[in-house]
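The values are calculated or read from the model by the stated rules, or taken from the named source; none is laboratory data. Small disclaimer: the values here were computed from a predicted structure and weren't measured. Ideal geometry is used to build each Cβ from the backbone, glycine not excepted, and the neighbour counts take in all protein chains shown. What goes into the accessible areas is simple: the full protein's heavy atoms, side chains included, and nothing from ligands, DNA or RNA. Shrake-Rupley method; radii C 1.70, N 1.55, O 1.52, S 1.80 Å.
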Amino acid sequence: MPDSMISQLVAHVQGRVITPEDREYQIARLVYNGMVDKRPAVIVRVAGTDDVVAVVRIAQEFGVDLAIRGGGHSAAGFGTCDRGIVIDFADRDRVRVNPVTARARAEGGVHWAGFNQATHSFGLATTGGLVGTEGIAGLTLGGGVGYLARAYGLTCDNLLSAEVVIADGTVHTASATENEDLFWALRGGGGNFGVVTSFEYQLHPVDMVHAGVIFYSIADARTVAEFYREHLASAPEEFSAFLGFHLCPTASYLPTDWHGKPVCVVAGVWLGDPAEGEARWQPYLDVAPVVGAMVQRMPYPEVNTIFGEGLRSGLHAYWKANFLSELSDGAITAYLDFGRMVPTLQTSVHIYPIDGAVQRVGAEETAFAYRHAKFSPGIACMWDDPADSPANIKWVRDFWTALRPFSEPGGYINFMDSDDQVRIEDNFRSNYDRLATIKTKFDPENLFHLNHNIKPVAPKFSTFHAAVS
């Protein structure tokens, strides 16, 4: 890497410029997925938007790879690169809440735990991640599936505006009234169009919720899955729960002799009248014998801690995703076949509901195209020992293959791995061509390619400034 590039970064950036010669480099270069072992030439812990502008321009000038690390949860490892530059938002984690307008502005390095705590102080929330350590940036740009989706839509449906540094290093606001095409693309199109330095969200009245986490023997999983399918179809949108398969974790409400055994789980929230909370969860306590259950009122931010335990950074990870228009009998059979073979305690196989408010947004109103789908399944395998990688990757791929006959062609990009680039057009369906046109306008040379990449139609840098002016 040219010394002149490092010198320019040091001269133009207020934040920390970390190179391999620095003591903190070996820690700073690590990402969430322990299988991803890359060595960037420099990591820039940006101090603000001006730093992002400087780094983008320098990356363009020297023609190096540029990776963007928000919350750092990318299982695909898109938050780093070899011999290039990493923009790291680790020092940009402020959240400002306006309770009068029910809006929040959050910087690109915010995690959902911090966001939820800030908004909870005012009895407000928006659809966010399923564990608190997830970053708001990647989740939002990929769509944003969460506990509040049935009631309030995807995270991207609650995005009101974004500050974006595009490929030529200029700063733009994207909203319903400014740079509308860019705003459309950001809502589900991933990190293809620029570096989002801050996000403005619509908030909703969510304070205490009635949460439920109920575990069953794998022997009763078909009964539970069929009931879940029928119950959710008529349940109010204030009720949201996912169906999952795990190895039984350790928890005070779970018998120790079940630890490590295959189990089925239903987990979620009731957002409606507190007096109805117990009754809303009772059908799931009655449908089959219960291994253990926690059904109680809790602050909404605590819900995001239930399945985050044990998911430390550095585990090896390999993920796959589909969309389901229905939870068919065939899909249930595939889940039972592979759910009883979950390989590790850290692995989660979840089927998230995305009906209700999610489906009231048209397929072409945002980049997130699967508005007709009812479920967003994710197979998230995680493990400690690198020697287990071949077997665990094979298990995920075989599982995904077994689900394919019952699934839509595309999947949720936030649950996909780096080898899913071949599915990119399927993931965006009829929106792909429009996304490619917008990509050409804002990033004609594909500077932002370390993502589930939408390639420019016909890069022409000479017309770039005129196109975005």
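Remarks
- Applying the set (1) over 21 Å from residue 126 (Cβ atoms); (2) surrounded by fewer than 24 Cβ atoms within 10 Å (Cβ to Cβ) to residue 195 leaves exactly one unmet item: (2).
- Subset tally (residues that are of a type in the set (Gly, Ala, Ser) and free of Cβ contacts under 8 Å to residues at least 24 places away in the same chain) for the stretch 248-287: 3
- Matching entry among 349, 396, 358 (being within 22 Å of residue 412 (Cβ to Cβ), open to solvent by less than 10 Å² (accessible area, probe 1.4 Å) and outside any helix (DSSP H, G or I)): 349
- Between 2, 40, the distinction of being open to solvent by 10 Å² or more (accessible area, probe 1.4 Å) and of a type outside the set (Asp, Glu) belongs to 2 only.
- Looking across the stretch 404-448 at every residue that is part of a loop (DSSP other than H, G, I, E, B) and without any contact (Cβ under 8 Å) to a residue 40 or more places away in the chain, the one that is nearest to residue 78 (Cα to Cα) is identified as 446.
- Among residues of the stretch 240-277, those that are among the β-branched types (Val, Ile, Thr) and open to solvent by less than 40 Å² (accessible area, probe 1.4 Å), counted: 4
Condition check ((1) closer than 20 Å to residue 34 by Cα; (2) touching a Gly at 6+ places or on another chain (Cβ under 7 Å); (3) at pLDDT 95 or above; (4) among the small types (Gly, Ala, Ser)) across all residues:
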site: 381; (1), (2), (3), (4): yes, no, yes, no
site: 390; (1), (2), (3), (4): yes, no, yes, no
site: 412; (1), (2), (3), (4): no, yes, yes, no
site: 421; (1), (2), (3), (4): no, no, no, no
site: 432; (1), (2), (3), (4): no, no, yes, no
site: 464; (1), (2), (3), (4): no, no, no, no
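- Residue pairs meeting the criteria (Cβ under 7 Å; at least 6 apart or on separate chains; first closer than 15 Å to residue 349 by Cα, in the stretch 384-403; second part of a helix (DSSP H, G or I)): 399/338; 402/334; 402/337; 402/338; 403/331; 403/334
- Odd one out for residue 288, checked against (1) open to solvent by 30 Å² or more (accessible area, probe 1.4 Å); (2) not in a helix (DSSP H, G or I): (1)
- Restricting the stretch 127-162 to residues that are of a type in the set (S, T, N, Q) and over 14 Å from the mean Cα position of the chain (by Cα) leaves a set whose member that is farthest from residue 454 (Cα to Cα) is 158.
- The set of residues in the stretch 45-77 that are under 19 Å from residue 190 (Cβ atoms), touching a helix residue (DSSP H, G or I) at 6+ places or on another chain (Cβ under 7 Å) and among the hydrophobic types (A, V, I, L, M, F, W, C) comprises 66, 76.
- Verdict on residue 118 being assigned to a helix (DSSP H, G or I), touching a Gly at 6+ places or on another chain (Cβ under 8 Å), surrounded by fewer than 24 Cβ atoms within 10 Å (Cβ to Cβ) and of a type in the set (Gly, Ala, Ser): no
- Going through (1) open to solvent by less than 70 Å² (accessible area, probe 1.4 Å); (2) over 26 Å from residue 383 (Cβ atoms) one by one, residue 297 falls short only on (1).
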